[in-house]
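Here's the structure, in structure tokens; my notes come after.
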Amino acid sequence: MISFPNAKINLGLNITEKRADGYHNISSCFYPISLKDALEIFPSKKSSFQSTGLPIPGDKADNLVWKAYQLLKKKYDLPEIDIILHKVIPMGAGIGGGSADAAFMLTMLNEYFSLNLSIEKLEGYALQLGSDCPFFIENSPKYVKGRGEIMELVNIQLEGYYLGLVFPGVHVSTKEAYSGVIPKTPELSVKGIIENYPISDWRELLSNDFEESVTSRINELQMIKEKLYEAGALYASMTGSGSTFYGIFKNSPDRKIIDKIVELK
């Protein structure tokens, strides 16, 4: 069985509160995009994990795909399998590649072994793997709160627009990004802005609270956002805790400063 875990962008990202459990409450819109990895599983006498494409740092035991398999294997005594992950989505880029891989692994195992787990159950297991993971179970635009586990439908129409992605090749530690943010509740919610204001107004209204913290330490990142606007973006922002920036364009943009262009669907 094979699937194609996709990335996401954050349309706005507010850090609203530091929680007693050490996590933070957020407010954001997660929007899936068509940049994809490939994930394959098949029967084996002894379970293994291997990856191709972009190199993945760290040990196999730390990979979220492997953790997802081990989580359900322990719960449901799953048979042995081989796992192959072909990595296309950059890591540490703020676009949720690792989280998507983990969530897609859960849904694949559910289908492959006929576990008949509900969406709610899968989201619960996904949350054990990472705060962004539950989103990728249903994998549709959502207004996200809490750690990432509270999700609501959001009325957003981006079909036909173009997304220009810039990967600066800088890895931003999530812990480091959070250290530069003072939690606060904004006057306008992300959901309120997205549903009630045109994209052309988002530049002044919709913000990512990580952006100032990250760009103040890595000056060249701020230049990327400026160049996206110069290229005609209606709205540009850093996504997640960085370091990827994106611009939303009415027409397909010039590739001079853009690494990847996708049409939003």
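The values are calculated or read from the model by the stated rules, or taken from the named source; none is laboratory data. This structure is a prediction, so every number in the text was calculated from the model and none was measured. Using ideal geometry, Cβ is built from the backbone for each residue, glycine included, and neighbour counts are taken over all protein chains shown. Side chains included, ligands, DNA and RNA excluded: accessible areas come from the protein's heavy atoms. Shrake-Rupley method; radii C 1.70, N 1.55, O 1.52, S 1.80 Å.
Computed values, structure above
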{"read-out": "Considering residues of region 155-187 that are modelled with pLDDT of 90 or more and touching a helix residue (DSSP H, G or I) at 6+ places or on another chain (Cβ under 6 Å) only, the residue most open to solvent (accessible area, probe 1.4 Å)", "value": "ASN155"}
{"read-out": "Any hit, region 33-47, residues being in contact with a His (Cβ under 6 Å, 6 or more places away or on another chain), surrounded by fewer than 21 Cβ atoms within 10 Å (Cβ to Cβ), among the hydrophobic types (A, V, I, L, M, F, W, C) and without any contact (Cβ under 8 Å) to a residue 60 or more places away in the chain", "value": "yes"}
{"read-out": "Residues being modelled with pLDDT under 95, of a type outside the set (Lys, Arg) and either in a loop (DSSP other than H, G, I, E, B) or under 11 Å from the mean Cα position of the chain (by Cα) (or both) - total across region 4-34", "value": "4"}
{"read-out": "Residue ranges of helices (runs of 4 or more DSSP H) in region 183-245 with at least 3 members under 18 Å from the mean Cα position of the chain (by Cα), in contact (Cβ under 8 Å) with a residue 24 or more places away in the chain and farther than 20 Å from GLU152 by Cα", "value": "209-217"}
{"read-out": "Hey, VAL65 within 16 Å of PHE136 (Cβ to Cβ), touching an Asp or Glu at 6+ places or on another chain (Cβ under 8 Å) and surrounded by fewer than 20 Cβ atoms within 10 Å (Cβ to Cβ) or not", "value": "no"}
{"read-out": "Residue, nearest to ILE193 (Cα to Cα), within region 1-14, restricted to residues that are buried (at least 23 other Cβ atoms within 10 Å of the Cβ) and of a type in the set (A, V, I, L, M)", "value": "LEU11"}
{"read-out": "Hits in region 115-151 - residues which are out of contact with any helix residue (DSSP H, G or I) (no Cβ under 7 Å at 6 or more places or on another chain) and either free of Cβ contacts under 8 Å to residues at least 60 places away in the same chain or β-branched (Val, Ile, Thr) (or both)", "value": "ASN116, SER118, GLU120, LYS121, GLY124, LEU127, ILE150"}
